[in-house]
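Okay, so here's the structure we're looking at.
Nothing in this text is a laboratory measurement; each read-out follows from the coordinates by a stated rule. Treat the numbers as computed from the prediction; the structure is a model and nothing was measured. With ideal geometry, Cβ positions are generated from the backbone for all residues, glycine too; neighbour counts draw on all protein chains shown.
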Amino acid sequence: MPDRLHVLPDEPVASLADYVAGGGGLGLAEALRVEAADVIAEVERSGLRGRGGAGFPTGRKWRSVLEAAGASGTPAVVCNAAEGEPGTYKDRALMARNPWAVVEGLCIAMRAVGAPRGVIATKQRYPLQAQRLTEARDAMAAEGFAGAAGVEVLLGPDEYLYGEESGLLEVVEGKLPLPRILPPYMYGLYATMQQPNPTVVNNVETLAHVPGILREGADRFREQGTVEAPGTMVFTVVGDVASAGVYELPLGTPLRTLLVDIAGARDVKAVYSGTSNTVIVPGLLDLPLDFDSFAEAGTGLGSGGFVVYGADRCIVAVTAALSRFLAVESCGQCPPCKLHGVELFERLQRLCREGGQAADLQEIRKRCTLVTDSNRCYLPVGHALLVQSTLDAYADEFTARLAGPCDHPDVDVPKIVELDDDTGEVVFDPDYARKRMDWSYAEAEDA
């Protein structure tokens, strides 16, 4: 039996005919053949967990929306295709190579929760991916794929918080990407107090796994991965490695296999799984790549993007660069997040460029406790975790920096705009250094 449950093909699936020849459409056909409750039950039985960061069980999310929608308005399903986590490129690879599976997975989710409308919310900055998704949607709608005609491909801004699920809904409604207090399953698209319109928000990769589960069954999906984290996951590796790229592996594979054996990392000093988790030190390289193992180790798998820094890197400069990203991307709705986040970055930057005093390290620690006050999204929590954990793990290097600046204070924010899988060439956003704290951009000569 061909292994169809890997979601990332080696080459782009060029046409709907090619997709159907490989089994495409059979998952949706099965979803239409059985009751909606049976669709959700099969996804629950598969153990599929969200691939966007939190690892929440997908079937449970669908069931909560279905139950909430009973007397609470019209449900909807939104695909979060607004990938923006530093170090992550897997969703763009999936949208470019296999948009058909994303659209089919969305149609199955719409069927499961009774949603007449689906939205794929991606970025204006991703024209190739938007074109591929639109072509897939149009071709599938023309061929009568149930639900495809009700799918909208929406292009939004480049802000990080566009990828936060409630901020995503704000953009779909034509507003700025400012996170809400209530989650989408409680307060969804175009919600009112009388009609909450509970909404499913699933990541690109999560939805791409769904057709295979419905087509070949939950047991087949569980043949790979672990008991608590079945299936495969698509990972991105960039930074100080020989072979940067996007790789699909069974969950439970050792982190060392991905970073060292496949990507060619050597003399690893620190690894970051995006900017919302604690630092991964070399002693954790044998961790299994699954949500629970990472959580038990005090860190997080995130969306599967890893940024590797080698032994010659100044860890203070690395921390300052990642902190700057979070300070910039804070929306300011929660003043402690913006004010203390900016202060964290500025103190870290001064430390690596000028040196400092012991009181500076104490102040950085203090700001890590204050930045999360009254937070309505996870950004400031991630900021505190990243800075505090790095300060703890590399305390001697931070202390040494008090005596004077580091030799290499400039570190790029690893916000990927292009990753060539054939050559391993990675392009980080060349304009990001010009982005100001208010989300405007300085002129090039002033950056």
## Note on the structure
Length gained, T423-R60, 0.36 nm per residue minus C-alpha separation, equals 126.7 nm
### Percent RCO, i.e. relative contact order, over the chain, from Cα pairs under 8 Å lying at least 6 residues apart
16 percent
## Note on the structure
At 25 °C in a medium of viscosity 0.890 mPa s, segment 271-341 has a Stokes-Einstein diffusion coefficient, with Rh taken as the Kirkwood radius over alpha carbon pairs, in µm² per second, of 181 µm²/s
### Query
Can you sort K175, K338, K61, K366 by how many other beta carbons sit within 10 Å, fewest first?
K175, K366, K338, K61
### Query
At what distance in angstrom do the alpha carbon centres of segment 324-360 and segment 96-145 lie from each other?
39 Å
### Query
Roughly how many nanometres apart are two label points built 7 Å out from the Cα toward the Cβ at A242 and A149?
5.5 nm
### Summary
If V77, V342 are placed from fewest to most neighbouring beta carbons inside 10 Å, the sequence is V342, V77
### Task
Sort by residue number and report every cysteine in the chain with no other cysteine beta carbon within a distance under 4.7 Å.
C79, C107, C331, C352, C368, C377
### Structure-based [θ]222 nm, the chain - -39500 (n - 2.57) summed over DSSP H runs of at least 4, per residue, nearest 500
-12000 deg cm²/dmol
### Query
Among T58, I120, A29, which residue has its Cα positioned farthest towards the positive end of the charge dipole of segment 25-140, with +1 placed on the Cβ of Lys and Arg, -1 on the Cβ of Asp and Glu, and the dipole taken about the Cα centre?
I120
### Relative contact order of segment 16-221, pairs being alpha-carbon contacts under 8 Å that are 6 or more residues apart, as %
32 percent
### Query
What number of lysine-lysine pairs in the chain show an alpha-carbon separation below 18 angstrom, given a sequence spacing of 8 or more or placement on distinct chains?
8
### Query
Convex hull volume of the Cα atoms in segment 232-310, per residue, in Å³?
71 Å³
#### Entry: Stretchable slack from E228 to D312, in nm (0.36 nm times residue separation minus alpha-carbon distance)
26.5 nm
### Message
Using Cα-Cα distances under 8 Å and only pairs 6 or more residues apart, what relative contact order does segment 164-267 have, in percent?
### Response
14 percent
### Message
Could you work out how much longer the chain between Q194 and D431 gets when fully extended? Use 0.36 nm per residue separation minus the Cα distance between them, nm to one decimal.
### Response
80.9 nm
### Message
Placing unit charges on C-beta atoms (Lys and Arg positive, Asp and Glu negative, everything else neutral), compute the dipole magnitude of segment 59-168 about its Cα centre in debye, rounded to 20.
### Response
240 debye
### Query
If you work out log10 I(q)/I(0) by the Debye sum over Cα atoms at q = 0.07, 0.10, 0.12 Å⁻¹ from the coordinates, which of (1) -0.34, -0.69, -0.99; (2) -0.39, -0.81, -1.13; (3) -0.50, -0.87, -1.05 do you get?
(1)
### Task
Please report Rg over Rh for segment 27-166, where both radii come from the alpha carbon positions and Rh follows the Kirkwood definition.
0.95
### Summary
Stokes-Einstein D for segment 315-446 (25 °C, 0.890 mPa s, Kirkwood Rh from Cα pairs), in µm²/s, comes to 158 µm²/s
### Summary
By the DSSP-based rule, helices of the chain that are at least 18 Å long along the axis (C-alpha) and have a mean Kyte score of at least -1.0 are 99-113, 127-142, 204-216, 315-329, 335-354, 358-370, 379-393
#### Entry: Interchain or long-range residues, amide H under 5 Å from V153's placed H
I120
## Note on the structure
Here segment 223-233 yields Karplus 3J(HN,Hα) values (6.51, -1.76, 1.60; θ = phi - 60°; whole Hz; Gly and Pro given as x) of 5, 10, x, 10, 4, 8, 9, x, x, 9, 9
### Query
Suppose R0 equals 22 Å; then what is the FRET efficiency for D407 and R266 from their Cβ-Cβ distance, rounded to the nearest 0.05?
0.60
